[in-house]
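A.B. asks: Mind looking over this structure? Questions follow.
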Amino acid sequence: MSTAITFSEYGAPDVLRPTEVARPEPGPGQVRIKVKAASVNPLDMKIRSGQMAKVAPAHFPVIPGLDAAGVVDAIGEGTGAAVGDEVLGATVGGSYGEYALIERPVAKPEALSWEVAASLVTVGETAHRVLRELGVQPGQTLLIHGAAGSVGFIAVQLAAARGIAVIATAGEKDIARVTALGATAVRYSEGWVERVTAAAPGGVDFVFDASGAGVLADSVSLTGDAGKVITIADMSAVQHGVRFSAGTADRGSDALQQLVELAAAGKLTVPIWRTYPLAEAAQAHADLEAHRNQGKAVLLP
């Protein structure tokens, strides 16, 4: 037996409770890790609260969590990993626990902290996927909404490194952080359209909405083409003719390996805001829902 965080009903953060559970057993292509760090993602909170119930109803009890990093302690057939390896990746069956299962584990470089390793997976793969789906090229101009959030922060860095001109909306307190990544940061508040227009006199070619802040109609107007706008956060996308990007299309590709190498080389920053003991998962959810964070929250079993 081992300890994991579970919930058995939808609700506020206090439905998350430490529970004794059986250690998961790895199947073909999977490894079991002793978790060193588990990332807290916005989707975890949407699932816990019931916001995703119509799309993907939960089968209680649920162990939340999408990503983890740790040490392999059991392997399934055909994994290519060995007991004792330090790895990271997307989990199967949740990551908020002392043990978790990972499919297609990626080796963790020594230069990468456990916290960053766990935090890179979903947000990094999402940023990578959306830039690929947009097809934005060097020399073009990309507007990123929610640039100070976990996905937006990585997307700004990946795009800027490719020679793409990045205009990024962010809150006043985050302007300096986003500017330091190589973007032209624009304060998100009333009048943001005019500020973006002034910052991009040649126009905006593509828009990546990572904020879900009701910016789609104006973003389509800026590009002149709904097909050049993608959101990962606004469920009204279809009303604007905009693509909603979701899923795991980049998993199984070399996207995560590339992201790991960039982070290990110091070419990609994943800000860690705070770490919590596993038992304080409910507090982590409450803090993120109150928007207290500037960066990733990580659980440490």
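A.B. asks: Only one of 168, 117, 127 is under 20 Å from the mean Cα position of the chain (by Cα) and not in a helix (DSSP H, G or I). Can you tell me which?
C.D. replies: Selected residue: 168, the only one of 168, 117, 127 that is under 20 Å from the mean Cα position of the chain (by Cα) and not in a helix (DSSP H, G or I).
A.B. asks: Select from region 1-52 the residues that are more than 20 Å from the chain's Cα centre (by Cα), assigned to a loop (DSSP other than H, G, I, E, B) and of a type in the set (Gly, Ala, Ser) and list them in ascending order.
C.D. replies: Across region 1-52, the qualifying residues are 8, 11, 12, 22, 27, 29.
A.B. asks: Does residue 298 fit the bill of being in contact with an Asp or Glu (Cβ under 9 Å, 6 or more places away or on another chain) and either buried (at least 22 other Cβ atoms within 10 Å of the Cβ) or assigned to a helix (DSSP H, G or I) (or both)?
C.D. replies: So residue 298 fits the description; yes.
A.B. asks: If you take the residues of region 181-217 that are of a type in the set (S, T, N, Q) and over 20 Å from residue 157 (Cβ atoms), which of them is surrounded by the fewest Cβ atoms within 10 Å (Cβ to Cβ)?
C.D. replies: 189
A.B. asks: Here is a follow-up. Quick one: which residue in 28, 13, 109 is surrounded by 16 or more Cβ atoms within 10 Å (Cβ to Cβ) and of a type outside the set (A, V, I, L, M, F, W, C)?
C.D. replies: The conditions single out 13.
A.B. asks: Within region 121-141, can one find any residue that is crowded, with 24+ Cβ neighbours inside 10 Å, of a type outside the set (Ser, Thr, Tyr) and farther than 18 Å from residue 247 by Cβ?
C.D. replies: no
A.B. asks: If you don't mind, another one. How many residues are among the acidic types (Asp, Glu) and buried (at least 19 other Cβ atoms within 10 Å of the Cβ) if we restrict to region 161-180?
C.D. replies: Counting residues in region 161-180 that are among the acidic types (Asp, Glu) and buried (at least 19 other Cβ atoms within 10 Å of the Cβ) gives 1.
A.B. asks: Within region 152-171, track down each residue that is polar (S, T, N, Q) and closer than 15 Å to residue 204 by Cα.
C.D. replies: Residue satisfying the conditions is 169 alone.
Computed from the coordinates by the stated procedures, all read-outs in this text should not be read as laboratory data. All of these numbers come straight from a predicted model, not from anything done at the bench. All Cβ positions, glycine included, derive from the backbone under ideal geometry; neighbour counts span all protein chains shown.
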